[in-house]
Amino acid sequence: MLKKYHDTFYEGNFYHIFNRGINNETIFKTDRNYHFFFQRWHKYVATFLDVYAYCLMPDHFHFFVKVKENALVTYSFTKPQRFGKAIHEENINTILEYQFMLLFRSYAHAFNKENNRTGSLFQKSFKRIRVDNNRYFLAVIQYIHNNPIHHHYTNSFEKWQYSSYNAILSTQPTQIKRAEILEWFGSKDEFIEFHLENIKYEKIKQYVIE
């Protein structure tokens, strides 16, 4: 049975989001690329999503997010009309698909210009799975932070600078939902210990995207 990778977005629901470069091409080559992607993320989708974990790697990325409860109301204030359609005809799934399209298009345009490249950069349809059982929240976060080891980009997920792991442990300001995450784990020490445990892929296979 094939996995369903394009679950519908609903307000108040959690999702594991994934995308990669077309034909597994590199999408992040420099520090500037990673930082620019976050700038585009904040411009196009951060208004609608709370972020609980992320990891960006050279050819793909993962995010664990929650669609905000008032996402549609927020959109009504910022984009009252699109393509001649009144806001009441919109739904949050349509809006987020459109905003992600803008994110990928904007990032790809800048990346292509910088690298003397043309054509699509990302896979056409980004993947997402609704995580509808909070027993698996901790495992999904651990899986995302361990992904650079899984793909042999590093042998230490703590040192991978393009994930949310250290932002969650830090005391510096962050848009990651740090307090809520640490409450889930129980404490910073338990957060660290949980990440050092072996990942039980079989347990969370329905929420894993590669």
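Per-residue answers, yes or no, for (1) modelled with pLDDT of 85 or more; (2) surrounded by fewer than 17 Cβ atoms within 10 Å (Cβ to Cβ); (3) among the aliphatic types (A, V, I, L, M):
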residue	(1), (2), (3)
82	no, yes, no
85	no, yes, no
108	yes, no, yes
125	yes, yes, no
129	yes, no, yes
133	yes, yes, no
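I'd like to check something: does region 166-188 contain any residue that is more than 26 Å from residue 68 (Cβ to Cβ), at pLDDT 95 or above and crowded, with 19+ Cβ neighbours inside 10 Å? The answer is no, given that none of the residues of region 166-188 is more than 26 Å from residue 68 (Cβ to Cβ), at pLDDT 95 or above and crowded, with 19+ Cβ neighbours inside 10 Å. In the list 198, 146, 155, which residue meets the criterion of being without any contact (Cβ under 8 Å) to a residue 60 or more places away in the chain, outside any loop (DSSP other than H, G, I, E, B), over 17 Å from residue 14 (Cα atoms) and not basic (Lys, Arg)? It is 146. In region 163-170, is there at least one residue being part of a loop (DSSP other than H, G, I, E, B) and closer than 30 Å to residue 27 by Cα? Scanning region 163-170 turns up at least one residue that is part of a loop (DSSP other than H, G, I, E, B) and closer than 30 Å to residue 27 by Cα.
The values are calculated or read from the model by the stated rules, or taken from the named source; none is laboratory data. Owing to the predicted nature of the structure, the values given are computational and were not obtained by experimental measurement. For neighbour counting, all protein chains shown are included, and Cβ atoms are generated from backbone atoms with ideal geometry for every residue, glycine included.
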